[in-house]
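Laboratory data are not the source of any read-out in this text; all were calculated from the coordinates shown. Computed from a predicted model, the values in this text were never measured in an experiment. Every residue, glycine as well, gets a Cβ built from its backbone with ideal geometry; the counts of neighbours run over all protein chains shown.
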Amino acid sequence: MRSRDCKNQHYGDEEMKAKIRFFARFRELLGTDIITDPLAGTTLAALVSNIARNNKEGYDAIFDEHGNFREFVILMQNGKRVETADAGTIMVADGDEIAIFPPVAGG
Amino acid sequence: MLSERERERYKRQMMLFGDEGQERLKNAHIFIAGAGGLGSPISIYLAVAGVGTITIVDMDVVDQSNLNRQILHTDRDIGKKKTVSALAKLREYNADITINAIDTTITGDNLHELIGRADGIVDAMDNYPVRYLLNRVALDKKIPFFHGAISGFYGQATTIIPGITPCFECIFPKAPPKAVFPVVGATPGVIGTVQATEVIKYLTKQGELLAGRLFVWDGVTSKAEEIAVDKNEACPVCGAGTVKTNTTGTKK
């Protein structure tokens, strides 16, 4: 984490932290409550896909073959719903909590 | 009016909500869509709580592979219509209530009539297309929709109050892919019981509903969490310019 300080100089003294919470099956594959320190200017989509790349099955569960969020995935930023289609243009802010949830269908 | 027999039968829950609450249950009509994994605990708990009229709809036949979770049905019911089996079990649980068990497939054409003047709709389905239909009719009729769904050890539930909370399509605009889902019977046990609790609270005006909150159950880690859910102003079903929202006149 400290080793990144030199990069951060480009953006002043900002040191960002964001927490990623995966739910249900996503959690099994990717873990949860992952604390990351994204660079300023990181989008929600980039943040989630960077973490999800740690596990191929996890990544494939969330993203399609074009790298887009699967359309049923629920993405939340600080408890507010974000359209996954907009996740590529919304920036992560310091202290953000990002939740990614797969709805289930069975009965 | 409650009979002496009813007073005795419901004594322990009337400690919670009194004569008034019990009468509300007795006068209520609840529609349950599905007599499977979720429909089983939902219908059993609503029946024993004394919900006066229960309509339960299913089009299926009991299969041996249902028995790990669909506790309305037993070995001797294999091959019977689920509605026949459900009716028999629910009558055994509570002979004092009215049970309509309807063997049909829910469609956009028959749903309005099937639900009739029910006071609430409980989701015990296994697919999103029918859930979208149930949501729309609930909005039309301005009655609550008690959503639940499960897969494996996971489940989710929320209570939709038309005009007040986000609707089902606000929360789930896109259906997850259809698949044969794994399931251990205790999971619909957890979620169905949450849904039944919501119905009882709604009818007796107790507590705080899962309104605007998605309850998320993770049985793998035994964690229950909630996700706040908001209305989607652009929702094609309940968003501005479609169904008129109504913040008064609902039962809550």
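Data for the structure
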read-out	value
Average beta carbon contacts from partner chains per residue of B:104-116, 10 Å cutoff	0
Point-charge dipole on Cβ atoms (K/R +1, D/E -1) for the range A:2-101, about Cα centre, debye to 20	220
Order of B:65, B:85, A:49 under a 10 Å beta carbon neighbour criterion, fewest first	B:65, A:49, B:85
Residues B:147, A:66 arranged by fewest to most Cβ contacts within 10 Å	A:66, B:147
Average Cα contact separation per residue, chain B, under 8 Å, 6 or more apart, as relative contact order %	19
Cross-link reach list, aspartates and glutamates versus residue B:178, counting only Cα pairs under 13 Å and skipping chain neighbours closer than eight places	B:126
Length-normalised contact order for chain A - Cα pairs under 8 Å, 6+ apart - percent	34
Within a Gaussian network of chain B (alpha carbon springs, distance under 10 Å), most fluctuating of B:92, B:169, B:23	B:92
Shape of the range B:23-152, Cα gyration tensor, a/c cut at 1.5	oblate
Cα pair distances of the protein assembly as shown binned at 10 Å [whole percent]	5, 23, 30, 22, 12, 5, 2, 0
Residues with amide H under 5 Å from that of residue B:102, placed H, sequence gap 5 or more	B:56, B:57, B:58
Neighbour net charge for residue B:154 - beta-carbon separation under 13 angstrom, K R +1, D E -1	0
Whole-Hz ³J(HN,Hα) from phi, Karplus 6.51 cos²θ - 1.76 cosθ + 1.60, for the range A:47-62, glycine and proline x	4, 5, 5, 4, 5, 5, 5, 5, 9, 4, 4, x, 4, 5, 5, 9
Cβ-placed point charges (K, R +1; D, E -1), dipole of the range B:4-228 about Cα centre in debye, nearest 20	100
Whole-angstrom gap from the range B:212-241 to the range B:129-195, using each part's C-alpha centre	10
Under-22-angstrom lysine pairs by C-alpha in chain A, whenever the two are 8 or more apart or on separate chains	5
Spherically averaged projected area in nm², based on the convex hull that wraps the Cα atoms of the range A:2-101	6.3
Other protein chain Cβ atoms within 10 Å, averaged over every residue that makes up B:161-172	1
Helix-derived mean residue ellipticity, 222 nm - over chain A, DSSP H n ≥ 4, -39500 (n - 2.57), to 500	-6000 deg cm²/dmol
Integer Hz, Karplus 6.51/-1.76/1.60 couplings in order for the range A:67-82, x for Gly and Pro	x, 8, 4, 4, 5, 8, 5, 9, 10, 10, 10, 6, x, 10, 5, 10
Restricting the range B:78-162 to trypsin sites (Lys or Arg not before Pro) in coil, as DSSP defines it, with at most 10 other Cβ within 10 Å	B:117
Charge dipole of the range A:2-101 about the Cα centre (unit charges at C-beta), most positive-ward option of A:26, A:88, A:38	A:26
Pairs from B:26/B:141; B:82/B:201; B:82/B:141; B:142/B:174 whose Cα-Cα separation, in the structure shown, is over 25 Å	B:82/B:201; B:82/B:141
Lys/Arg +1, Asp/Glu -1 at C-beta; chain B dipole; positive extreme among B:120, B:207, B:44	B:207
Three-way shape label, chain B, alpha-carbon gyration tensor, a/c 1.5	rounded
Label-reachable residues, the range A:78-107, where backbone N falls under 16 Å from a point 7 Å from residue A:15's Cα toward its Cβ	A:94-96
